[in-house]
């Protein structure tokens, strides 16, 4: 059975989004990254285990697929951007009742019951599924009990307010799978829900 892996950048105080004028993430969409080389290598290693991406409609429409497709073409020999080529090659699924058809390459739209659609993806052949989206999308997946692993990229920043991903669910106990601190100040912690 494939795992659904939620990757999310967040602040030390647990916020994933904030209405702030200054950037707080060590790496936003773009070519400039304050990630150190070891973190970049580890991030690429995770993408070797992925063959499907579950992507929020909003993120797809905001240009996620176009951006990383352009990066894969612009930096074909840069080892840091190996994950961008994996994004291009991966199967992408955008759950949405608003969209009727995909306008993106290798991407399908799944309408209907989110848990049923995710369970069908997990039951399929192949490697694991990465999840990318905003706080609302992540919260819906968490509340439905669909996430098998959390990969939380903790940025060295305190926001004080904003959006969180654990707002919809009740109490949950998580099991630490691993945690690693990087020279850039990022800490990546991996958790699995306990039964």
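No value in this document is a laboratory result; all are computed from the given coordinates. Note that this is a predicted model, so its numbers are computed, not measured. Neighbour counts run over all protein chains shown; Cβ positions are idealised from the backbone, glycine included.
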* Calculated FRET efficiency for the pair residue 158/residue 117, C-beta based, R₀ 45 Å, to 0.05 -> 0.80
* Asked: Taking the simple approach of a point 7 Å from Cα along Cα-to-Cβ for both residue 105 and residue 36, what is their distance in nm?
  -> 3.6 nm
* To do: Distance from a point 7 Å along Cα→Cβ of residue 22 to each backbone N in the range 135-174: keep the residues under 12 Å and list them by number.
  => 157-159
* Relative contact order (percent, whole number), the chain, Cα cutoff 8 Å, 6+ residue spacing -> 35 percent
* Could you calculate the FRET efficiency of residue 183 with residue 74 from 1/(1 + (r/R0)^6), where r is the beta carbon distance between them and R0 is 25 Å, rounded to 0.05? => 0.45
* Asked: Can you give the calculated 222 nm mean residue ellipticity of the chain, where each DSSP H run of n ≥ 4 adds -39,500 (n - 2.57) and the sum is split over every residue, rounded to the nearest 500 deg cm²/dmol?
  -> -8000 deg cm²/dmol
* Structure fact -> Note: residue 175 to residue 48 extended length (0.36 nm per residue) minus current alpha-carbon separation gives 43.4 nm
* Asked: How do the peptides 146-156, 124-134, 107-117 rank, highest first, by the average count of neighbouring beta carbon atoms within 10 Å per residue?
  -> 146-156, 124-134, 107-117
